[in-house]
1. So how much slack lies between A:Ala302 and A:His386, counting 0.36 nm per residue of separation and subtracting their Cα-Cα distance, in nm?
2. How crowded by other chains is A:44-51, given as the mean number of beta carbons from other chains within 10 Å of each beta carbon?
3. Let me cross-check B:Tyr200: its accessible surface, 1.4 Å probe, with only protein heavy atoms counted, in Å² to the nearest 10?
4. At 1.4 Å probe size, what's the solvent-accessible area of A:Thr387? Round to the nearest 10 Å².
5. Label points 7 Å out from Cα along the Cβ direction at A:Ser333 and B:Trp150: separation in nm?
6. Around A:Lys151, with a cut-off of 10 angstrom between Cβ atoms, what is the net charge of the other residues, counting Lys and Arg +1 and Asp and Glu -1?
7. Averaged across A:87-100, how many Cβ atoms of other chains sit within 10 Å of each residue's Cβ atom?
8. Note down the nm distance, to one decimal, between modelled labels 7 Å out along Cα→Cβ at B:Phe276 and at A:Asp171.
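The values are calculated or read from the model by the stated rules, or taken from the named source; none is laboratory data. No experiment lies behind these values; they were computed from the predicted model shown. Neighbour counts are summed over all protein chains in view; Cβ atoms, including those assigned to glycine, are modelled from backbone coordinates with ideal geometry. Remember, those area values only see protein heavy atoms, side chains included, never the ligands or the DNA or RNA. Shrake-Rupley method; radii C 1.70, N 1.55, O 1.52, S 1.80 Å.
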Amino acid sequence: MRPNLLTRRGVLLGTAGVALAAHCGAPAVARSEPLRIGLLTSLSGPFTSLGESMRAGLELLIADAGGQMGGRPVELLVEDDGGKPEEGLRKVRKLIAQDGIDVLGGVISAGVALAIRDVVTEAGLPTFISNASANALAREAASPLVFRPTKTSWMLGHTGALWTFQNIAKDGGLTVGADYAAGREYIGDFVQTFQEQGGSVGTQLWTPLGTTDFSPILTTIAAEQPSFVYAFFAGADAVRFLQQMQEYQLQDLVKLIGPGALFDQEDVVPAAGSAALGGINTFQQSPTAPAAHGFVEAYRAARGRLPGEASTAGYVTGQVIRAGLEAVAGDPSDRERFRQALLEQPIETVIGPMRFDPRNNQAVLDIYVNELVAGPDGQPLNTVVHTYAGVQDPGPAG
Amino acid sequence: MRAHAWLLCLPLAGLLALFGGDYHLRFAAEILITGTAVMSLDILVGQGRLVSLGHAALFGGAAYVSALLAIHAGAGLMPVLLAGIATGMLLALVMGLVATRSVDLFFLILTLVVGQMVYELAFHWRTVTGGADGLRGIPALALHLGGASWPMSGARSLFLLAAGLALLAYLLARSFLAAPIGRALVASREQPVRLAALGYEVRRLRLLAMVFAGGIAGAAGALYPFVNLYVGPNLVHWSMSATMIVMLVLGGVGTLHGAFVGTGLYLLVQTYLSSFTDRWQLLIGLLFVLIVIFLPDGIVRPGWRRRQA
């Protein structure tokens, strides 16, 4: 054993010790300081592009608000959950205990949203789930301080079934979905409503998340000649599915309908190009919705593209937080008062009017039926063809 | 291994237990619990050169069993720990029976395959494991002794529990390696043919080491759900096993206590660096490369020994 080894280790240990000590001694956050908004989103992992769009959306709203909400300057703290529940939990604990955030927003993945539910509830932290759609959060896992200013899976699957039943076909269709929690929910809720309407759905096909080759499914579709295909894929999966539908020349033969993620204006349509044309989706947002008018232009000016779900969700989350804060003069520390303020008044957002269901804090939303038609630049554009007003999740009893 | 190095940790842990905040204690508990599992991997990797990519399945499998017992049966600390240890050992036995047929690359692949079977089970058996959503609503941990029961859910008691587990597991692992079976494991790494010629059954030896390490990983897994009150399928995915290997290499392979240092370093970098940059994984990668080049024995054993050897 050489003596200098010991010293070097001593130095290392000492440095670690000092860092730890400095860390523990971080001062508690005074409440009169700027209002701290935590944003938990995915800046690495499978949802990176969505996470970056969400952050851009919220930053745009904060800029639009002049960096102030309810008379207090706003400080935004962004944390990356990597799309993993364990990392998300660690980050939320850090945001709560160390950064002393006043409200939390964001969350792309349903797994992360469900995982942090108990922690934020225990901490009494007002939380706004911007994107994750798991039905459970509006039902058995609802929490008095967890608001969700976006859709549930049911709201899109249900309206998709209503539209399909009334406007496309009453039977002879099939479903195809990515085999994970969200896919099961969307497809399951679509089939349930479709059957309740009196229709019948044929084969249900599933593929693993991240499928690159859809040919087994596409040959089944080509063989069965269904009256419609209800499909759920998101992100890169959706792009590949649409492109392969086009390559198999099924795009013009089969009516394709799905939840909005299948034709997300920002995440899917630019990459899919003309393969997206003719598709139908039900979605809580649309770049052509009247309410989105100013926002779409502002977002395009900021990032050079049309907003999709994640960026719009970031912006809407900011709008809701701002509306709540303005109703309580910038002080959310009285949780019950803040909650009541959010529940009482409907909020005008860029996805349309929004009010929260007092049973589960789930937003009651207008759901748009979008058709993908060629826009002014020739690119497919989600164009509103119908609006289901005030769609409400069945909630805890449902 | 010199004793004074890790004896330094005791006062540090004491200080943390006395003055640490809720968040730091919980974070430290997570480091200690994960570190214990990584340390059990070190027995295999460091002493037996059995690089397993299925270790997270043992750790996470035990975490699932423990969480399910707590949710459905309201099990307390002791039953949860015992069930976790049993799960870890049983899964390790199955994995070992398959994987000890071979060494090196094929051992790695076979452990990966068995581990992924556990993952598939966790991911697809929705009614029991919650599928992709994982398990939530885990009740607070309590210790039942006789008729009395003590709550163990606070961050401080969780930390003390984790520290106790880590210390106990460390001492156990040390005595295992000091015992004839541990020496034989090292011999099986260095001279498997000669060891077999001496009358040892190398495969049985490796199997025993795997079951022992599985027991420790299972004990750590049993406590893990109570730190975050959540268990999800990521915990049993092979990428978690790979992360554990990275933690081990950062800290120092074959030192046992290096596992805790590496785990702490990895989680600290992940949690704090990622607040400043989206590219934190690049930094972890760079750190990994630098440590492998300049500190091949990990940060707990600075020096150039392997080069000189």
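1. Contour length minus Cα-Cα distance gives 27.3 nm.
2. Across A:44-51, the average partner-chain Cβ count within 10 Å equals 1.
3. Here the residue's solvent-accessible area equals roughly 110 Å².
4. Counting only protein heavy atoms, the figure is 60 Å².
5. 3.6 nm
6. The answer is -1.
7. Counting Cβ atoms of other protein chains within 10 Å of each residue's Cβ and averaging gives 5.
8. It is 6.6 nm.
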